[in-house]
Structure formats: C-alpha cells, structure tokens
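Engineer: One structure, pasted below without further comment.
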Amino acid sequence: MSKLKPKEVNQTADLNLGHGSFILYKKKFIQPHLASETGTIFRQLMDETKFEQKDLVVLGKKVKQPRLLAYYATDIERGSFTYTGLRNIPSHFTPFVEQLKNSVQEYVKEEFDSVLLNYYRDGSDTVGWHADNEKL
C-alpha cells in the first residue's frame, strides 16, 4: 500500500486503502468564490444537526463517547448499524445534509445511502485507530 504524505497532495489525491476503502482528497472542494461562506455552511450544519453523545463501556466502566455524532440514512427502517457495541439508528436526512451529500455524490460519481457525522468539539475529542468493518 502506498503512503500519502501531505506535501505530495497538490490539488487532488485518490488513495486506495484496499478492502473497499479509499481516501479521496480534493483541495478546495468548496470553490474559492464560496470560501467566505464556509463559516456559514458550518454554522448551518451545526444549527440543523441533532448530535448525540452515547455511552461506551470501556474496561467495565461506562464512559461518554469522546465525540458527538449524527447518523442519517435513506432507509431508516433498515439502516441501523452497530459498532463498539453501540446501535446507531438513523434519522431522515435534513434538507441541508442531503444537499451536502448530493454535492459529494456529484463529485465522486458514487451514490451514498447514509451519512455519519462526527463532531470533535476540541482537542480532547478523539477516535482511536480502527477498522470500519461493519456489514453495513
């Protein structure tokens, strides 16, 4: 597997991680003329997203997950998935999250039926190294 170093990324990069996983990086995905709106986009996303913080059991102790998350799916009846013992039940897409999803789909020429948003509030919110190997 090749390694992607930040200095090697010019405008775009596509790194195949294997097993159906990849990183697609596009510098300035939000066009320069809209760059002044990124704060507005972020605020709207934060205003309209109902993030939650779930409990995890780590070494027999219940602790709060060290980040907030929101999960959306097209099929909310069948779209739930579990990781780290947490069952995630999706909500219907908000119009704004759907608009963002559609923008990404248009760029990557792929269709997505779900979106998982993670919000890291500050330097103490984390996610450890892991594999996303759920059946979903």
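The values are calculated or read from the model by the stated rules, or taken from the named source; none is laboratory data. Note that the structure is a prediction, hence the values are computed from the model and not measured. Ideal geometry is used to build each Cβ from the backbone, glycine not excepted, and the neighbour counts take in all protein chains shown.
Engineer: Looking at the range 100-131 only, could you name the residues that are in contact with a Phe, Trp or Tyr (Cβ under 9 Å, 6 or more places away or on another chain) and not in a strand (DSSP E or B)?
Structural biologist: LYS101, SER103, VAL104, GLN105, TYR107, ASP125, THR126, VAL127, HIS130
Engineer: Okay, next question. Out of all the residues in the range 69-122, which are buried (at least 16 other Cβ atoms within 10 Å of the Cβ) and either farther than 28 Å from VAL57 by Cα or aromatic (Phe, Trp, Tyr) (or both)?
Structural biologist: TYR71, TYR72, THR74, PHE81, PHE93, THR94, VAL97, LEU100, LYS101
Conditions (1) touching a strand residue (DSSP E or B) at 6+ places or on another chain (Cβ under 7 Å); (2) of a type in the set (A, V, I, L, M, F, W, C), marked per residue:
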residue	(1), (2)
THR38	no, no
LEU45	no, yes
PRO66	no, no
ILE89	no, yes
VAL115	yes, yes
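Engineer: Picking from GLY60, GLY79, GLY123, GLY128, which residue would you name as being free of Cβ contacts under 8 Å to residues at least 60 places away in the same chain and on the phi > 0 side of the Ramachandran plot?
Structural biologist: None of the others qualify; the one that does is GLY60.
Engineer: Does at least one position in the range 70-81 carry a residue that is modelled with pLDDT of 85 or more and over 25 Å from SER103 (Cβ atoms)? Please lay out each step first, then the result.
Structural biologist: Filtering the range 70-81 for residues modelled with pLDDT of 85 or more gives 70-77, 80.
Okay, now just the ones that are also over 25 Å from SER103 (Cβ atoms), so 77, 80.
Among the residues of the range 70-81, at least one is modelled with pLDDT of 85 or more and over 25 Å from SER103 (Cβ atoms), which makes the answer yes.
Engineer: Can you name the residue in the range 30-58 that is among the aliphatic types (A, V, I, L, M) and at pLDDT 85 or above and, of all such residues, is surrounded by the fewest Cβ atoms within 10 Å (Cβ to Cβ)?
Structural biologist: MET46
Engineer: Identify, please: which residue in the range 123-136 is surrounded by 10 or more Cβ atoms within 10 Å (Cβ to Cβ) and out of contact with any Ser or Thr (no Cβ under 9 Å at 6 or more places or on another chain) and is, among those, modelled with the highest pLDDT?
Structural biologist: Looking at residues that are surrounded by 10 or more Cβ atoms within 10 Å (Cβ to Cβ) and out of contact with any Ser or Thr (no Cβ under 9 Å at 6 or more places or on another chain), I get ASP125.
Engineer: Mind counting the residues in the range 78-87 that are assigned to a strand (DSSP E or B) and either β-branched (Val, Ile, Thr) or in contact with a strand residue (DSSP E or B) (Cβ under 9 Å, 6 or more places away or on another chain) (or both)? Spell out the reasoning first.
Structural biologist: Step one: filter the range 78-87 for residues assigned to a strand (DSSP E or B), giving 81-83, 86-87.
Next, only the ones that are either β-branched (Val, Ile, Thr) or in contact with a strand residue (DSSP E or B) (Cβ under 9 Å, 6 or more places away or on another chain) (or both) stay: 81-82, 86-87.
Number of matching residues: 4.
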